[in-house]
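Okay, structure first, notes after.
We did not get these values from a lab; they are worked out from the coordinates using the rules stated. Computed from a prediction, not measured in an experiment: that's the story for all the values here. Note that each Cβ is placed from the backbone with ideal geometry, even for glycine, and that neighbours are counted across all protein chains shown.
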Amino acid sequence: MGLAFPGQVIAVETAGFAVLRNTWSDKLRQRLSGLELGRPAFRSIREAYDGLPMRVAQDVVGEPIFSSARVGLPPGWFRARTDTVDSGAPASFIPGVCIAGPVDDMPAVLAVVPGSARLTTEAEMPTELAIEVRLVPGDVAVLDSRCMRRWSVPETIFQLSVVRAWVQPDLDASAMVGPDLPTRAARFAGVASAPAATLESWLFERHERRP
């Protein structure tokens, strides 16, 4: 695992994704398949993030906060996060990552366009260059949130998205948790963070403009 871990981080930073084999247990997948956002589900969300997915995510974007979680993804090609692509941020800037995989008992095929995270929304997407990889139950993909991807059975896929602590999450997880949450879990819920409403506001309100 020591040799694989740095390679997985580099794969997310360059190609836009990496696959972690045999990561989610059968019991966790069963809980994720019936996910309903709310306090009872937050523990399962944290379990889906912990371990190797957490290590890869934190090596790519630092210690992130929860942004969203759902079972069932859009059909066809999609990106999870597009608001930073045309915002003026460097192409190498990764605002967050997605952790996703099948939660039923059938395999799924993930197609990814390598390097697509660095393309603007106006650029023609070379989907003919997509790479396909098969995930069996328990396997997990970690993806740059801007990366163009497609799942063969999107309705069976659970996806957890996290963002850098100062980027606005899709959902306010602080409302999902109570005051008795452990410190690390509270940080993951974004309780102590102060996200910027947009990347532009972070760039130009919190940093001096260059002449």
* With an 8 Å cut-off on Cα pairs and a minimum separation of 6 or more residues, tell me the relative contact order of region 4-205 in percent. => 31
* Asked: In the chain, which whole DSSP H runs stretch at least 24 Å along their own axis (Cα) and average 0.5 or higher on the Kyte-Doolittle scale?
  -> none
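Just to check, using Stokes-Einstein with a Kirkwood Rh over alpha carbon pairs, what's the diffusion coefficient of region 4-205 at 37 °C and 0.692 mPa s in µm²/s?
Answer, rounded: 194 µm²/s.
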* What are the GluC sites (Glu not before Pro) within region 80-157 that DSSP puts in a loop, where the Cβ has at most 16 other Cβ atoms within 10 Å? -> GLU122, GLU124
* Structure fact -> Here region 3-124 gives, from Cα atoms, an Rg and Dmax in Å of 15.1, 42
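When SER87, SER161 are ordered from fewest to most other Cβ atoms inside 10 Å of their Cβ, what list results? Kindly include the intermediate steps, with their values, before the conclusion.
Working: SER87 14, SER161 22.
Ascending Cβ contact count within 10 Å gives the list SER87, SER161.
Could you list VAL163, VAL61 so that the one with the fewest beta carbons within 10 Å of its beta carbon is first and the one with the most is last?
Values: VAL163 25, VAL61 22.
Listing VAL163, VAL61 from fewest to most nearby Cβ atoms yields VAL61, VAL163.
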* Asked: Say each of GLU47 and SER92 gets a label point 7 Å from the Cα, pointing the same way as Cα to Cβ; how far apart are those two points in nm?
  -> 3.9
